[in-house]
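Every number here is computed from the coordinates shown, using simple stated rules; none is lab data. Since we're looking at a predicted model, the values are computed, not measured. Every residue, glycine as well, gets a Cβ built from its backbone with ideal geometry; the counts of neighbours run over all protein chains shown.
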Amino acid sequence: MKREIFVTDDGSHSVLNDEMQTTYHSRYGAIRESRHVFIENGLQRLESTDARINIFEMGFGTGLNALLTLIEAEKNHQEIYYETIELFPLEKDLYERLNYCAQLQREDLKDEFEKLHHSEWEMQISIHSFFNFRKLNTSLADHTFNKLFDIIFYDAFAPKAQPELWTKEIFEKLFAALNPKGSLVTYCSKGDVQRKMKAAGFIIEKLAGPPHKREILRAVKE
């Protein structure tokens, strides 16, 4: 699988997957997109709580969403458990060159960011006093949830590239993995995706998208 780093419009890196002819983030700004979709319209919309927040991410990818979440946990002194799956992890020579810590002016988190990538699979580890992390090298179809989550960051490749990850059956599995009032956020707002989410039991919220994207979705388990 050939993958290469490129610079998006906000100066932050993303990765191009040549085999699928798709990118890991928006070409209009990787950090801008991830912050808008998963932090501002995901994590920050959760009710304030002293309890631990459980987050599941589909598609660890570059580790950007996890890094942004770690920063939020540190800033708010909020304990977060972050579980993610990734079937095709980035090679060391790629993730070591990603410029997220520099772009976020958080060079002090460079070691933590790289630890997200090179830490042992299947093991829960403490990346930061407020951020516990576990990654699994498996597919979503084969994954078995062993706890309930407050929010799901659904960052799979687009339906055109991975249609098997955008089915009614997949959304039923994710619905069952959420706590009551839990939510799923994703950049994809296609009508067919919305219909499958609704069929799985979700209540759909359409939210304004980041630059060059009209809408994103927040799906809630009532």
Quiz item: Any residue in the stretch 69-88 that is part of a loop (DSSP other than H, G, I, E, B), touching a helix residue (DSSP H, G or I) at 6+ places or on another chain (Cβ under 9 Å) and crowded, with 22+ Cβ neighbours inside 10 Å?
Solution: no
Practice problem: Out of Ser34, Ser48, Ser14, Ser26, report the one residue that is of a type in the set (Ser, Thr, Tyr) and assigned to a helix (DSSP H, G or I). | Solution: Ser34
Quiz prompt | Residue among Phe113, Phe171 that is buried (at least 18 other Cβ atoms within 10 Å of the Cβ) and more than 22 Å from Ser12 (Cβ to Cβ) | solution = Phe171
